[in-house]
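Beneath this line is the structure, given in C-alpha cells, with notes to follow.
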Amino acid sequence: MNFILRVILLLLGLVFAASLAVAVMLLAAVWGVRYAWGRLTGKPVTPWMASMGGRFNPRSGFDRFRNAANPAEPTAADVTNARARGESVVRPERIRGNASDVTDVAPKPVSRG
C-alpha cells in the first residue's frame, strides 16, 4: 500500500511539473509572437507592466500605510482633548517667531568632566 501511494504522489508531481512547463512555454510563445509582431510592424514593444497600467512603484505601499497612520485632519476627540489641555490643535505644531523671542529658558553653561 505504501508503494502505491508513493507511485501516485510521483505521478501527481510529474503532472504538476509538466503543466507548469506547458504554462511557461505558452507564456514564452505569446511573448515571442508579440515581440515578432512589434519588429514586423516597426512599433516599439513595451513591457507588459507598462501596457497594463504603468510602472510598478514599490514606495506606494509604504506611502499608503504611512498616510493612514497620520490622518490629515484631527478628529473631534483630538480637538476637544487639545482644547481641554490648552494645547494647539494644528498638526504639526508650528513654532512661530524667532528663537530669540523665547524668554522662559535660560542657557546653562557647558560643564566638562
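Below, the figures for the structure above:
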item	result
Cα→Cβ-extended label distance, 7 Å offset, between residue 3 and residue 40, nm	5.5
For the range 7-18, Karplus couplings with θ = phi - 60° (6.51, -1.76, 1.60), whole Hz, Gly/Pro x	5, 5, 5, 5, 5, 5, x, 5, 5, 4, 5, 5
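Read the figures in this text as sums done on the coordinates, not as results from a lab. A quick note: this is a predicted structure, and the numbers were derived from the prediction, not measured. Glycine also receives a Cβ, built like all others from the backbone with ideal geometry; neighbour counts cover every protein chain displayed.
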